[in-house]
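Have a look at the structure below, then the notes.
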Amino acid sequence: SRNPLVQIAFELEEQATTPDHLDDTITCTNAGGYSGAGYGALDGGIGVHRDVELLITESSDGSLDASLVYATELYDPATMTRLAGQYRRLLEAVVADPMIRATELPPPSEAERHQVVVEWNATGAPYPQVGVADLVAAQAARTPHRPAVTFGAETLSFAELDERAGRLARHLAALGVAPNVLVGVHLERSAEMVVALLAIAKAGGAYVPLDPDFPIDRVAFMLSDCAAPVVVTESSLVGALPSHRAEVVCIDTDCLGGPDGTSSDRPEPCGSGPDDLAYVIYTSGSTGKPKGVEIPNRALVNFLTAMATRPGLEPDDVLVAVTTLSFDISGLELWLPLITGARVVVAPQATVDDPLQLMALLDEAGATVMQATPATWRMLVEAGWRGRAGLRALCGGEALPAALADQLLERGVELWNLYGPTETTIWSTAVKVTTAGQPLTIGRPIANTTLYILDSDMAPVPLGLAGELHIGGAGLARGYLRLPELSAERFVDHPFDPSPGARVYKTGDLARWRPDGEVEYLGRIDNQVKVRGFRIECGEVEAALEAQPTVRSAVVAARDDVPGGTRLVAYVVPDPASDRDRLAVELRAALRVSLPEYMVPSAFVPLEALPLTPNGKVDRKALPAPAMARPGSTDALVAPRTATEEALAGIWAEVLGIGEIGVDDDFFDLGGHSLLAVKVVSKVRDALAVEVPLRAMFDVPTIAGLAGVVEDLSSGGEAPAPPLVSVPRGEGAELPLSFAQEPLWFLDQLVPDNPFYNMPSAYRLCGPLDLRALEEALTEIVARHETLRTTFPARKGRPYQRIAPPAPMSLEVDDLSTLGPVPAEAEARRRAGAEAAQPFDLAGGPLLRARLLRLESNEHVLLLTVHHIISDGWSTGVLLGELSVLYGAFRRHQPSPLPPPAVQYADYAVWQRQWLDGQTLDAQLSYWKARLTGAPTALELPPDRPRPPMPSYRGAIEDFTVPAPTVQALRRLGRSRGATLHMTLLAAFKVLLARATGTDDIVVGGTTAGRNRPELDDLIGFFVNTLVLRTDLSGDPTFTTVLDRVRHTALEAYEHQDAPFDKVVERVAPDRDLSRNPLVQIAFELEEQATTPDHLDDTITCTNLGQAEGGVTARLDVELFVTESSDGSLDASLFYATELYDPATMTRMAEGYQSLLEAVAADPMIRATELPPPTEHRQLPLG
């Protein structure tokens, strides 16, 4: 959008030497133009290479001809005319006095000075010289029966509001509340909150908001600092108040006099005058403590009178109030309707925080006006709000982004941009935004308000140049409560009004006048920032940080480099003795004790030292961006374990801008805040079709906890599963098989002595191995997990589980060390293959075999082979994890540190059959029956040879890799559609299959871990279930559409994942064909990077050698297994039936899949028909 390095240029050219004749018959005159810079045609368009270029040429008469060449899409002619005049005056000044300083250069011309000081500040207008309570009383007298305040189902008329407030006012007056007496307000949002404010005003007092959501230490400071003698609260909040000396009035329980509010011993409230205080609002303070801003009634009444006219409020208006009382802009929402006869609808906090509830309230209330910060308006827009015809949208509290303004205008609202610091009473400027795509200003001053943009000498800066904005007029605060020095520093003598006591407020904001008299906001001069509408002095947060013993020094800054808007970042130099891994968590917890949530930094960056400028000040520009990664923690990252957790992790990662998130990580410790929580809820709604209440983000702020909420809501109100408990193991008890185990047992009966479901693995152990400790560790694991001691005999043709008692496990040791290194390796591979192919006896057992191959004295290979009927891939990780812990303990002759499992696999099998019985199972199966009706009986890639009547299960593997950059692009694509990487890869696989088979009804198998209860996480057993994922790819959809369809299919399947695959087959009852697997012939599986421990203890390294070499089993026609690698790439393996396919066919298929992934990563909107055609080397089957 701009020229690199140089956007503004200067050029001086000597007097041109153009000849004045071509010969003695032809004169030649230069008609202008600056060909050297590329400005050619005299009457044509001027080419502009930069924003502004000043071109000066020496003239023959000694003067200079100057031209400002500028971009017309950026600047108006009037702006450039002023710039030229300012340059000319500056040249004259430095010629007259070369020693002049930059700060002493000539001010604007007299005409311009008069314009910016006088003309554009001609805002005088009459306003009532009374207290705000008088205005409300007058309105109540005019319209007693009109509705004044609504909260939930309760509505108070003006008469009812006036009566209740009068009764409370008399009670407060009896307690000594009078003009300039401060009264704390410690209430939740309600109609009673409005009653309390009006009552305090009627009694003559000034209210001090004490937010119940603030940390108790902050409330304690404010109570102590303001010394309020009375606090109005409610009975449920009394216990939340800190220790204090104030008189407490419970608005919901205290007796406040009779229905008319009278009492013989209660004085009449005296009310307040224009110079008495209306309220004291605490804002963030640079000294480390908040400061109270004292606002008199005069300032509040002037503000409300101005707002009633512009933007305006009429008796028929309905204003929905959403702002916390601790934020001064709430004054407009609560008072303006009450002085104009309109109705204020006070939104409950839960509604304010939830965009869907807020949308509903706007409609239900018939809202015509709402004021909110840009963050709240953005929340509504991002949640899908379509706008509300005729709604007047007031926006302020922080800079309004142009893009958001355009989005609001598109929704048909009447948009107003408002600006003003707390010290000048809510808003000081206002402007109606009418045209999209135009630069935004903060407008002109409101009535009886003056704006001055001054230099450091308090002189006006020329039009269009930046200076500090100063505000004068009727809206000025008295100052800061009990802080006279700070008041004198910020509220200074008026530079243009000699009247006694005339002052202006130094805002600390940079601004400039535009030619049309509107003001453009340019940012801050100091370290004050705005985050989500809240004003924060970074110094207060820095002081709180440096008060912690683990911090030597700290700097806090606001950054806009992540999704979700501005965030607060803390840069800390920690004490050398501190635990850096726990630093962020500990500091965040410590700050929450004294600071409100919006002042707690979202990220903490430890530094060895703070960067400094040459003069020794902190160089804020050199502060690094926080790493987009999970904050350090002593807790190991627990990766997502279910599809729901994986989907949520993707959403969190996108919203938080963090690449890696564990299921036990706290959302708020990762830098989340309330508005980002709203974004998560919105994305969960879109991606998972579940309406999660926003409160859940605060109640269970982890992926694991939120996944439970999502799954409960997804169940559609189904009865919860019964508790999983241990069942009796009586003598000779015949415990049932789980649903997953039964098909494997029947296959073993059909094809005896087969190795089809062997799970072989091999681990290289390097170091001085303690054989005794290894055998004891294996023995302990078998003792801990009954399933490893289980066999499957049958009685009357029905199998059951027989659990043997614990017994020492013998570890066979083959010594190959005498063969030499190379022959020993070869023999080890041969024996590993033979071990992998050795069948198990399911009835006789054992179903776990362990063998140790000694290659050298300090190098061994451990072979572990287990039958799938008692284990799965997850279980392998559990076994190796326990082996590592137990080996280390037993080598040191210590007892097992592992707690016993709460339940065993046999308990799970009994529980599963009790739960999935009758209506529960029928409901699950009914879904699958409906989902699979009409599905093709087989999805068959064209084979290279005829299909045999019975499969041999012999297979082979085609390995390939998907590079990390492609994977990263696919992750981003998935997150943009609310999909997991698994869904994205599956969608691409289905497109490949559609092209290869020529059909658009694609049925692919997938698996689910089946561990849907926390008690099962650390158990060894066979929990995996197969899901049938059917997707319609008709209509030549774009890939993003395919991904959306696959995501929908997968999410529905996950909601019905408990139906055992074998039962689904029975219910759907396809034509059975012994030559192929029912329902699923092709499958896809994505596995996370294996978490095998790399050490048994500190003396033995452990390397996973993968599946032992031997015969490969092909349980289906084709299975694509994809595993995440540590370097970000994907390791993929196509398992295929060798009796159907040649290696060359699978090589082409692998290459076709890789090509397809690269294409959709580069262009997600590509259609299947637009995908790259097969080439000689990358040809799909049927290509």
> Do any residues in the range 694-706 that are under 17 Å from Glu660 (Cα atoms) and touching a residue at least 40 places away in the same chain (Cβ under 8 Å) have Cβ atoms under 8 Å from those of residues that are among the charged types (D, E, K, R) and crowded, with 20+ Cβ neighbours inside 10 Å, where the two are at least six apart or on different chains, and which pairs are they?
Replying inline: Ile703/Glu645; Ile703/Asp665; Ala704/Glu645
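Conditions tested, residue by residue: (1) small (Gly, Ala, Ser); (2) part of a helix (DSSP H, G or I); (3) surrounded by fewer than 20 Cβ atoms within 10 Å (Cβ to Cβ).
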position: Thr999; (1), (2), (3): no, no, yes
position: Gly1010; (1), (2), (3): yes, no, no
position: Thr1026; (1), (2), (3): no, no, no
position: Thr1041; (1), (2), (3): no, yes, yes
position: Glu1052; (1), (2), (3): no, yes, yes
> Got at least one residue in the range 1096-1119 being within 31 Å of the chain's Cα centre (by Cα) and at pLDDT below 95?
Replying inline: no
> Which of the residues spanning the range 282-306 are more than 23 Å from Ile525 (Cα to Cα), assigned to a strand (DSSP E or B) and aliphatic (A, V, I, L, M)?
Replying inline: Ile295
>> Just the residues that are acidic (Asp, Glu) and either closer than 16 Å to Gly467 by Cα or touching a residue at least 24 places away in the same chain (Cβ under 8 Å) (or both), please, taken from the range 489-524.
In response: Asp497, Asp509, Glu518, Glu520
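Yes/no per residue for (1) in a loop (DSSP other than H, G, I, E, B); (2) in contact with a helix residue (DSSP H, G or I) (Cβ under 6 Å, 6 or more places away or on another chain); (3) buried (at least 23 other Cβ atoms within 10 Å of the Cβ); (4) touching a residue at least 24 places away in the same chain (Cβ under 8 Å):
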| position | (1), (2), (3), (4) |
| --- | --- |
| Pro439 | yes, no, no, yes |
| Ala447 | yes, yes, no, yes |
| Thr450 | no, yes, yes, yes |
| Leu469 | no, no, yes, yes |
| Ala477 | yes, yes, yes, yes |
| Ser487 | no, no, no, no |
> Can you tell me which residue in the range 891-905 is farthest from Glu1015 (Cα to Cα), limited to those that are in contact with a Leu (Cβ under 9 Å, 6 or more places away or on another chain) and loosely packed, with under 15 Cβ neighbours inside 10 Å?
Replying inline: Pro897
>> Being touching a helix residue (DSSP H, G or I) at 6+ places or on another chain (Cβ under 8 Å), outside any strand (DSSP E or B) and surrounded by fewer than 20 Cβ atoms within 10 Å (Cβ to Cβ) is the filter here; which residues of the range 408-433 pass it?
In response: Arg411
>> So the check is Cβ under 6 Å with 6+ separation or different chains; which pairs have a first residue in the range 400-413 that's farther than 20 Å from Val531 by Cβ and a second one that's in a helix (DSSP H, G or I)?
In response: Gln407/Val381
>> Filter the range 307-334 down to the residues that are buried (at least 23 other Cβ atoms within 10 Å of the Cβ), part of a strand (DSSP E or B) and either at positive phi or not small (Gly, Ala, Ser) (or both) and list them by number.
In response: Leu319, Val320
> Can we say Gln924 is surrounded by fewer than 20 Cβ atoms within 10 Å (Cβ to Cβ), assigned to a helix (DSSP H, G or I) and of a type outside the set (Lys, Arg)?
Replying inline: no
>> Please go through the range 639-668 and give me each residue that is more than 24 Å from Asp1127 (Cβ to Cβ) and of a type in the set (Val, Ile, Thr), ordered by number.
In response: Thr642, Thr644, Ile651, Val655
> So which of Asp907, Asp944 ends up being touching a residue at least 40 places away in the same chain (Cβ under 8 Å) and assigned to a helix (DSSP H, G or I)?
Replying inline: Asp907
> Going by the structure shown, is Tyr452 in contact with a Ser or Thr (Cβ under 9 Å, 6 or more places away or on another chain) and among the aromatic types (Phe, Trp, Tyr)?
Replying inline: no
>> Could you go through the range 481-495 and let me know if any residue there is closer than 17 Å to Trp120 by Cβ and not basic (Lys, Arg).
In response: yes
> Within the range 1125-1153, which residues are surrounded by fewer than 18 Cβ atoms within 10 Å (Cβ to Cβ) and more than 17 Å from Arg954 (Cβ to Cβ)?
Replying inline: Ser1125, Ser1126, Asp1127, Gly1128, Ser1129, Asp1131, Ala1144, Thr1147
> Out of all the residues in the range 356-368, is one or more assigned by TED's automatic domain parsing to the domain that holds Gly292, without any contact (Cβ under 8 Å) to a residue 40 or more places away in the chain, crowded, with 23+ Cβ neighbours inside 10 Å and charged (D, E, K, R)?
Replying inline: no
> So is Pro808 out of contact with any Ser or Thr (no Cβ under 7 Å at 6 or more places or on another chain), surrounded by fewer than 18 Cβ atoms within 10 Å (Cβ to Cβ) and either outside any helix (DSSP H, G or I) or not assigned by TED's automatic domain parsing to the domain that holds Ala773 (or both) or not?
Replying inline: no
>> Just to verify a result, which residue in the range 535-545, among those that are modelled with pLDDT under 80 and either surrounded by fewer than 21 Cβ atoms within 10 Å (Cβ to Cβ) or aliphatic (A, V, I, L, M) (or both), is farthest from Leu400 (Cα to Cα)?
In response: Ala543
> Residues Ala554, Ala590: which one is buried (at least 18 other Cβ atoms within 10 Å of the Cβ) and not in a helix (DSSP H, G or I)?
Replying inline: Ala554
> Pairs under 8 Å by beta carbon, first residue under 22 Å from Arg849 (Cβ atoms) in the range 816-834, partner hydroxyl-bearing (Ser, Thr, Tyr) and part of a helix (DSSP H, G or I), six or more apart or different chains?
Replying inline: Ala824/Ser817
> Which condition does Val181 not pass, out of (1) within 44 Å of the chain's Cα centre (by Cα); (2) at pLDDT below 85, if it passes all the others?
Replying inline: (2)
> Right, Ser817: surrounded by 13 or more Cβ atoms within 10 Å (Cβ to Cβ) and in contact with a Ser or Thr (Cβ under 9 Å, 6 or more places away or on another chain) or not?
Replying inline: yes
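The values are calculated or read from the model by the stated rules, or taken from the named source; none is laboratory data. This one's a predicted model, so the numbers in the text were calculated from it and none came from an experiment. As a convention, Cβ positions derive from the backbone with ideal geometry for all residues, glycine included, and neighbour counts pool all protein chains shown.
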